[in-house]
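The values are calculated or read from the model by the stated rules, or taken from the named source; none is laboratory data. For clarity, every value in this text was computed on a predicted model and none was experimentally measured. Using ideal geometry, Cβ is built from the backbone for each residue, glycine included, and neighbour counts are taken over all protein chains shown.
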């Protein structure tokens, strides 16, 4: 069938109930691609069908998704493999990425986030890692006063003034078009008036800047899409400060769509309720996870007083040390502890997968390989037996301690 006949046949099938095929409906254009008309000859096709009505000047969202052949960019084979991975914070936060830091409440995660923000804003190395100096927006949805005091504490301890860190003292709902437009315009205005470039946006916390049910994939996906839009237009990284659920061992709270979408993810574990924490890399999209860092904070006196003339204090990072992936932090230790906790010291591969990666129906390739490497290492160390009936691993395979 020629293209001309195909188009006419398609139009005839789209005729409204009260219209005849002899006179095609005037708005039929909106259901067809402009590319379809341009592809073939227009001879013999009614002029009504070739003229786009003013009332239908904009394609529907569905049509916009389907008919964009000229805007798609393809890479052929391994093209692009040599591109360099650039960093906002070397080894931890890539440029133009979305990351998550999660922990229970009162785990010092906001103190940590402020320390990262100040380091990037002023170009200070963070825990021995280079940063890309750039302006930072900190959305302090849980309170700007605490954020400002933590920034001042950082300034006192580091003998520096933080000029390129901007604090928003209320929540911003990225899934609301009006909020998103206001935020983008405000950032661009700040960049133009101050001759700066924003490289990092921190939302503290995700929950305070979220509309909907964070447990549903639909609402979380809308939020992720909004973050992607902001990240792409501003050309910056986005760091989300997030909570765990009641069971902190199950990772960040809410839909697993968040973890699947993020480029990097970090867990914060406060040590014995004190002034130190472990900062643990739990996901890096394009490189291996870094060694955990122990970060120590100390109290610093601010140069202000409360209404009873008592000095106001805050916490600042004073030291850090790299931790080896041992002593309960690494995957192998976690596996051994889980098996040992079972009554018969035996588990299945499916049980292990659900324990290590809860709320994930399907593992990413990187996670699957990490689990395989850990099990292989434990087998080679003669710490476990793996009973596998087939050449390929199955969820029913049994894993048992050797002693």
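Please tell me if residue 339 is at negative phi, at pLDDT 90 or above and assigned to a helix (DSSP H, G or I).
On the way: at negative phi: yes; at pLDDT 90 or above: yes; assigned to a helix (DSSP H, G or I): yes.
Yes, satisfied.
Have a look at 223, 266 and point out the one that is in contact (Cβ under 8 Å) with a residue 24 or more places away in the chain, surrounded by 18 or more Cβ atoms within 10 Å (Cβ to Cβ), in the same structural domain as residue 178 (by the TED database) and closer than 21 Å to residue 126 by Cα. Give the derivation first.
Details: 223 fails: closer than 21 Å to residue 126 by Cα.
Going through 223, 266 in turn, just one is in contact (Cβ under 8 Å) with a residue 24 or more places away in the chain, surrounded by 18 or more Cβ atoms within 10 Å (Cβ to Cβ), in the same structural domain as residue 178 (by the TED database) and closer than 21 Å to residue 126 by Cα: 266.
Listed residues 196, 201; which is in a loop (DSSP other than H, G, I, E, B) and within 26 Å of residue 121 (Cβ to Cβ)?
So the residue among 196, 201 that is in a loop (DSSP other than H, G, I, E, B) and within 26 Å of residue 121 (Cβ to Cβ) is 196.
Hey, among 146, 123, which residue is surrounded by fewer than 21 Cβ atoms within 10 Å (Cβ to Cβ), in contact with a strand residue (DSSP E or B) (Cβ under 8 Å, 6 or more places away or on another chain), more than 19 Å from residue 99 (Cβ to Cβ) and modelled with pLDDT under 95?
Testing whether each residue is surrounded by fewer than 21 Cβ atoms within 10 Å (Cβ to Cβ), in contact with a strand residue (DSSP E or B) (Cβ under 8 Å, 6 or more places away or on another chain), more than 19 Å from residue 99 (Cβ to Cβ) and modelled with pLDDT under 95 leaves just 146.
Kindly evaluate residue 356 against the criterion of being surrounded by 14 or more Cβ atoms within 10 Å (Cβ to Cβ), without any contact (Cβ under 8 Å) to a residue 40 or more places away in the chain and under 29 Å from residue 244 (Cβ atoms).
Spelling it out, residue 356 is indeed surrounded by 14 or more Cβ atoms within 10 Å (Cβ to Cβ), without any contact (Cβ under 8 Å) to a residue 40 or more places away in the chain and under 29 Å from residue 244 (Cβ atoms).
Taking region 189-210, which residues are more than 20 Å from the chain's Cα centre (by Cα) and touching a residue at least 40 places away in the same chain (Cβ under 8 Å)?
Listed by number, the residues that qualify are 190, 191, 194, 196, 197.
How many residues are over 16 Å from residue 139 (Cβ atoms) and within 12 Å of the chain's Cα centre (by Cα) if we restrict to region 211-251?
5
If you check residue 209 against the conditions, is it modelled with pLDDT of 95 or more and surrounded by fewer than 17 Cβ atoms within 10 Å (Cβ to Cβ)?
Here the answer is no, as residue 209 does not meet what is asked.
Of these, 401, 378, which one is touching a helix residue (DSSP H, G or I) at 6+ places or on another chain (Cβ under 9 Å) and under 24 Å from residue 289 (Cα atoms)? Give the derivation first.
Working: 401 fails: under 24 Å from residue 289 (Cα atoms).
So the residue among 401, 378 that is touching a helix residue (DSSP H, G or I) at 6+ places or on another chain (Cβ under 9 Å) and under 24 Å from residue 289 (Cα atoms) is 378.
What's the total number of residues in region 343-364 that are out of contact with any strand residue (DSSP E or B) (no Cβ under 9 Å at 6 or more places or on another chain) and outside any helix (DSSP H, G or I)? Before you say what the answer is, go through the steps one by one.
As a first pass, look at region 343-364 and keep what is out of contact with any strand residue (DSSP E or B) (no Cβ under 9 Å at 6 or more places or on another chain): 343, 350, 353-354, 356-363.
Subset that is outside any helix (DSSP H, G or I): 343, 357-363.
Number satisfying all stated conditions: 8.
May I ask you to verify whether residue 368 is closer than 30 Å to residue 256 by Cα, without any contact (Cβ under 8 Å) to a residue 12 or more places away in the chain and loosely packed, with under 14 Cβ neighbours inside 10 Å?
No: the conditions fail for residue 368.
Please indicate, with yes or no, whether at least one residue in region 232-246 is surrounded by 21 or more Cβ atoms within 10 Å (Cβ to Cβ), without any contact (Cβ under 8 Å) to a residue 40 or more places away in the chain and not in a loop (DSSP other than H, G, I, E, B).
No - not one qualifying residue is present in region 232-246.
Here is a list of conditions, (1) touching a residue at least 40 places away in the same chain (Cβ under 8 Å); (2) assigned to a helix (DSSP H, G or I), and residue 318 meets all of them except one; can you say which number that is?
(2)
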